[in-house]
Amino acid sequence: MFFRFIGIALIVFLSGCSALKDTMDVRKPTASVTGVSVKSVSTKSMTLLVEVKVNNPNSFDLKTAGVDLDLLLNEHKVVKINQPDANLSLPAKGSNSMRLPVTLMFDQIFESIGGLPDKKGLQYVVKGAVAINLPVLGDFDVPVDYSGALSIPKRLDMFF
């Protein structure tokens, strides 16, 4: 009787360890910028939308705990996108995206980069991190690095 109890207890204990191992098998999420687009343009400014996609490879839901990104135009840092309250739900073994609006004043752009060297567009880089909240382990940063080119309409072209 005693050995039967020990055998059953051992089976329950080992199966519990297996379930615990699956729960504690935490894999690092990934984040990427999937695109930067122009939302609106006026005579004085333009608003960009930076789309960030976060993938959760784990078997449990997660949430983001903030976003801290730098936007560089022609290798010059123009703006910091810092949204510590950017909460995004990440389903288990799934992904979700957020669109972050960034308004840039043309005067600010020209002052920061000294005008437009090619007169047709800007090379941009988005660098930084998305903070992910992991249960028990706390927040950790997932790096983001993306680059591309953005064509800029001339001020007169917008109205003709």
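What follows draws every value from the coordinates through simple rules; no lab data is involved. Note that this is a predicted model, so its numbers are computed, not measured. Heads up, the Cβs are rebuilt from the backbone with ideal geometry, glycines too, and the neighbour counts pull from every protein chain shown.
Quick one: dipole size for the range 28-151, taken about the Cα centre, charges +1 on Lys/Arg Cβ and -1 on Asp/Glu Cβ, in debye to the nearest 20.
Numbers: 12 positive and 12 negative charges, 65 e Å.
Rounded to the nearest 20 debye, it is 320 debye.
Quick one: Karplus J couplings for the range 34-44, per residue in order, coefficients 6.51, -1.76, 1.60, θ = phi - 60°, nearest Hz, x for Gly and Pro?
Once θ is set to phi - 60°, the couplings for the range 34-44 become 9, x, 10, 10, 8, 7, 7, 9, 10, 6, 10 Hz.
Can you check what the net charge comes to around Leu90, using other residues whose Cβ is under 11 Å from the Cβ of Leu90 (Lys, Arg +1; Asp, Glu -1)?
Details: positive: Lys53, Lys63, Lys93; negative: Asp61.
Net charge in that neighbourhood comes out at +2.
If I stretch the segment between Asp85 and Val38 completely, what's the gain in nm (0.36 nm per residue apart, minus their alpha carbon distance), one decimal?
Extending this stretch completely gives an extra 14.6 nm.
I want the local charge near Thr47. Using Cβ-Cβ distances under 14 Å, sum +1 for each Lys or Arg and -1 for each Asp or Glu among the other residues.
Counting the neighbours of Thr47, the net charge comes to +2.
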